[in-house]
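The values are calculated or read from the model by the stated rules, or taken from the named source; none is laboratory data. Note that the structure is a prediction, hence the values are computed from the model and not measured. Note: ideal-geometry Cβ built from the backbone for every residue, glycine included; neighbour counts use all protein chains shown.
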Amino acid sequence: MTAKKATLKQIARLANVSVATVSYVMNGRDIVSKVTKEKVLAIANQLNYTPDIMAQSLRTQNSKLVFALVNTLSSVFNTSILSEIEEDFEQRGYQLLVLQGELPAVLKTNIFDGGIILNRDFPTDQLETLTDLFQNKIILLSDIDRLNNSNVVQMDNTLGMELAVSEIYKSRHQRVCFIQGLPTSANDIERYSSAEKAYQQLYQRDDFQIRIFDAHFITENAYSIAKHLLENQLYDAFVCFNDGMALGVYQAAADLNLTVGKDISVIGFDNSFFAKHLTPALTTINIDKKLWAHEIVNSYLTVSQPNHQQKITVPTTLMQRHSIAFAKPN
């Protein structure tokens, strides 16, 4: 019986690195440390891993390699959803290659079947170029209204942020502020707009712009911002646009001997794996990543016509835990 072919995900799991890191090593990208590169290659050799995508493409003129363009690989959320997407693609006979940054020249070659764009806000002309180049086999993971005939499988950021602001509004802590991520992140853009509308509706105020702070989805940045705000007693309720930044608020509170869920209230977004393990457990917005990945791959395998267009929204839900101090028992 023929042994099952090793996958990038297996190598990543054994090497304790991301799937993207393994992709970089296998494709000769010079952005991985020597130690990590040697570790990944050693494990790949042990598993007899052979990347034969190019050979398959030449034989059949039908590549099974899909690219994923992301804004950053440092995001816990990005790596977790990419892992789910890769697993689903592999079950259908495809492989996923993760690319970061500006549009890489390799996309102009014929090695890719198509691709997905996660959390990137590219200019319209670049998106149109990609759509034409790959005959519409592009799936956007956030809605971009300016692109005609786009295929979108997105999380419901609008509902998620409405739930988050509504939940923090019930808190006895009413000096609320918002900590956002990257301005180039499509998810951040959607969450900003939804948070502003929800805040204005619930709090009946028009000062949202002075209550929002940029942390670029980075825990350390959120820590510095939160520590300053808490030291000066400016805010006591924090709506964070991802869980990593909520973690930074937790760390700042701990340094100042403040208790989350008692002295301050915090809510996150994305329901990262560590959220339920914090003390107290973090209230956050959840997206079913397996369902989202499955919808993405299903959509990708059905978009082959130039005029085909579909938009799917995967619902978000509130994960109530213990990081919010309510005015009354909830």
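At a glance:
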| item | result |
| --- | --- |
| Residues satisfying the stated conditions in the stretch 217-271, i.e. acidic (Asp, Glu) and in contact with a strand residue (DSSP E or B) (Cβ under 6 Å, 6 or more places away or on another chain) | Asp236, Asp243 |
| Test for Leu282: is it surrounded by fewer than 24 Cβ atoms within 10 Å (Cβ to Cβ), touching a Phe, Trp or Tyr at 6+ places or on another chain (Cβ under 9 Å) and farther than 30 Å from Gly115 by Cβ | no |
| Single unsatisfied condition, Thr50 versus (1) modelled with pLDDT under 85; (2) crowded, with 16+ Cβ neighbours inside 10 Å; (3) within 18 Å of Thr7 (Cα to Cα) | (2) |
| Which numbered condition Ala254 fails, given (1) under 28 Å from Ile81 (Cβ atoms); (2) surrounded by fewer than 24 Cβ atoms within 10 Å (Cβ to Cβ); (3) of a type in the set (Gly, Ala, Ser) | (1) |
| Pick from the stretch 55-104, criterion modelled with pLDDT under 85 and in a helix (DSSP H, G or I), ranking: nearest to Val32 (Cα to Cα) | Val76 |
| Given (1) surrounded by fewer than 24 Cβ atoms within 10 Å (Cβ to Cβ); (2) under 27 Å from Glu87 (Cβ atoms), index of the condition Phe213 fails | (2) |
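Matching residues to (1) surrounded by 23 or more Cβ atoms within 10 Å (Cβ to Cβ); (2) closer than 20 Å to Asp288 by Cα:
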residue	(1), (2)
Val152	no, yes
Asn157	yes, yes
Ile168	yes, no
Gly181	yes, no
Asn187	yes, yes
Tyr192	no, no
Ala198	no, no
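Results for (1) of a type in the set (S, T, N, Q); (2) closer than 24 Å to Arg321 by Cβ; (3) over 26 Å from the mean Cα position of the chain (by Cα), shown as yes or no for each residue.
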site: Tyr199; (1), (2), (3): no, yes, no
site: Gln204; (1), (2), (3): yes, no, yes
site: Asp243; (1), (2), (3): no, yes, no
site: Gly248; (1), (2), (3): no, yes, no
site: Leu258; (1), (2), (3): no, yes, yes
site: Phe274; (1), (2), (3): no, yes, no
